[in-house]
1. When you scan the range 368-386, do you find a residue that is modelled with pLDDT of 95 or more and not hydrophobic (A, V, I, L, M, F, W, C), even just one?
2. Can you find a residue in the range 326-347 that is closer than 21 Å to Leu244 by Cα and of a type outside the set (Lys, Arg)?
3. One residue is enough: does the range 334-344 have a residue meeting the conditions over 18 Å from Ala263 (Cα atoms) and in contact with a strand residue (DSSP E or B) (Cβ under 6 Å, 6 or more places away or on another chain)?
4. What pairs can you find where one residue is in the range 375-399 and loosely packed, with under 13 Cβ neighbours inside 10 Å, the other is modelled with pLDDT under 95 and not polar (S, T, N, Q), and their Cβ atoms are less than 8 Å apart, with a gap of 6+ or different chains?
5. Check the range 156-176 and report whether any residue there is over 25 Å from Asp393 (Cα atoms), without any contact (Cβ under 8 Å) to a residue 12 or more places away in the chain and of a type in the set (Ser, Thr, Tyr).
6. Looking at Tyr158, Tyr233, which one is open to solvent by less than 40 Å² (accessible area, probe 1.4 Å), closer than 26 Å to Ala272 by Cβ and in a helix (DSSP H, G or I)?
7. Of the conditions (1) among the charged types (D, E, K, R); (2) under 22 Å from His280 (Cα atoms); (3) open to solvent by 40 Å² or more (accessible area, probe 1.4 Å), Asp415 clears all except one; give me its number.
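The values are calculated or read from the model by the stated rules, or taken from the named source; none is laboratory data. Quick caveat, the model's predicted, so the values are computed rather than measured. For neighbour counting, all protein chains shown are included, and Cβ atoms are generated from backbone atoms with ideal geometry for every residue, glycine included. Side chains included, ligands, DNA and RNA excluded: accessible areas come from the protein's heavy atoms. Shrake-Rupley method; radii C 1.70, N 1.55, O 1.52, S 1.80 Å.
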Amino acid sequence: MYGRVYASILQRAANSLTLYSGAQFQHAHAIAICCSQSHLPHCHFSSWFPSNGDESGNWSKSQRHLSTRQDLDFQQSRVQINSILRSNEQSVSVPEFDGRGLSVVRKFESNQLAANTPNEDRRSAATCLQSKGMLFGVFDGHGGWACAQAVSERLLYYIAVAMMQRHSLEELEKCMEHSRPIPPILQWYKHHTDFNYRESASLYIDNLRVFWQELLDSDEHESGMSPQDALDYAFKRLDADISLEAQVPLSNDLMRSTAIQVAFAGCTACVAHVGMDGIHVANAGDCRAVLGVQNEDGSWSALPLSRDHNSQNQAEVERIKAQHPPSESNTVVTDDRLLGVLMPLRAFGDVRFKWSRELQQSILASLESGVDLDSLNLYQYTPPNYLTPPYLDVSPEITYHKLRPQDRFLILGTDGLWDELGSEEAVRLIGEHLSGIHLQAPVSQSERKLKLGQMHELLLKRQARASPALDTNAATHLIRHALGTGDYGELSQEKLASMLALPEDLARMYRDDITVTVVYLNYDLARSHHN
């Protein structure tokens, strides 16, 4: 039941005029009144306003006008909802053959919906031009967006460079030495709202160059690293660079303050390399990768390609406890958080959980005296029971999956999605969206004995599953269902409106930033390799 929670949300939204104005304000206010006075699972449009009919039950002209106005308001709110949900959509078709070989990826669709202001999630997608395969990443920032922004810009470059062969790295270095344009490493797929840290670009390029120079100095780097080794090394190396950049003198104050912001903020990351040999997923934190598999009977099942690194993962909790003295076993993870503060147990940045107290204080004190730490989202704070750092690292957990003909798509999502949807439900939604077929299980023996009211509820649930999709973009389809699914699995316009109408100061209390990328796989190509 939506009950009084959504009533209070809607009332606050109506009062704030954040989303609605004029006629739409009346519409939001009417929903709030309806929800507060009704215990029904959803509000029928005819119950939004009291009846103005005469004793015979006939409607007056004024009531017919109100009903028409009400329907118009409802349509306007649908247009606004769709505009909000679709504003960050991205859909990219990938050429089946791009001159370097066949592509395992047919297309991908992505979307984001913010709860924080500004959004703390980021996403990345690119084709590796010097080696085969495509890279996709989702990044969930915390303590601000600075770390997620930097990692989304840089991590895919580190991975691609690690996979490059020696002669390609030598060509990069020669171009840098002679001030010639370097051959492109990645073909990026950017959304028009994406942006880069332009003032830090030179720093990022310089440190990427140091990285490939070290690879060239290695006698073992001839044919490039495997995707698995490249993912592991790139995660660790980038995190080390983020830490170092915050400690060394930089060319200007803006670049230095940015580097410190990036290091003191944090982000989790889930990156997939999709190539002819299969899918490699590197995960650090509580983002998630799930493979959509179509079974022989046409049904869908979810195959997890990552594990969440949080307190619900007991193996992860034990791993962290083992790195500290037994005397800290009761304080390392408390209240389901690292040191009672941080929910993800692996992450980029977050030097507050990695550096010594002395180093943290020294770096913050080194900022210009005129700099307002609050304006940089920095503050003097050390987690409780901070005795034997580091307590956090970014070492990714890497999984490999060899592609099969039944593997149809890969979902990458930040935890804002998985807070609302289970993996199986997400795969079913995308699978049925893809095929247009909504499979229903036969009525079981126990269901045949249901009472009339229970049977009606079952029919409502089945009807909801068969309702047509409103979005062509599968990522938007997931977000819409994550926020707007009602008690019977139906899409509720009222619930969706309430979640999207939340003022900035309330939104984060009811939902998180959501980022989703759905990668469609060339299963015909997988079939030819499978045979």
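1. yes
2. Among the residues of the range 326-347, at least one is closer than 21 Å to Leu244 by Cα and of a type outside the set (Lys, Arg), which makes the answer yes.
3. Yes, because at least one residue in the range 334-344 is over 18 Å from Ala263 (Cα atoms) and in contact with a strand residue (DSSP E or B) (Cβ under 6 Å, 6 or more places away or on another chain).
4. Pairs found: Tyr379/Leu373; Gln380/Leu364; Gln380/Leu373.
5. The answer is no, given that none of the residues of the range 156-176 is over 25 Å from Asp393 (Cα atoms), without any contact (Cβ under 8 Å) to a residue 12 or more places away in the chain and of a type in the set (Ser, Thr, Tyr).
6. When all the criteria are applied, what remains is Tyr158.
7. Going through the list (1) among the charged types (D, E, K, R); (2) under 22 Å from His280 (Cα atoms); (3) open to solvent by 40 Å² or more (accessible area, probe 1.4 Å), Asp415 breaks only (3).
Okay, residues lined up against (1) at pLDDT 95 or above; (2) β-branched (Val, Ile, Thr); (3) under 18 Å from Asn377 (Cβ atoms):
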position: Val94; (1), (2), (3): no, yes, no
position: Gln112; (1), (2), (3): yes, no, no
position: Leu129; (1), (2), (3): no, no, no
position: Gly141; (1), (2), (3): yes, no, yes
position: Ala146; (1), (2), (3): yes, no, yes
position: Ser152; (1), (2), (3): yes, no, yes
position: Leu156; (1), (2), (3): yes, no, no
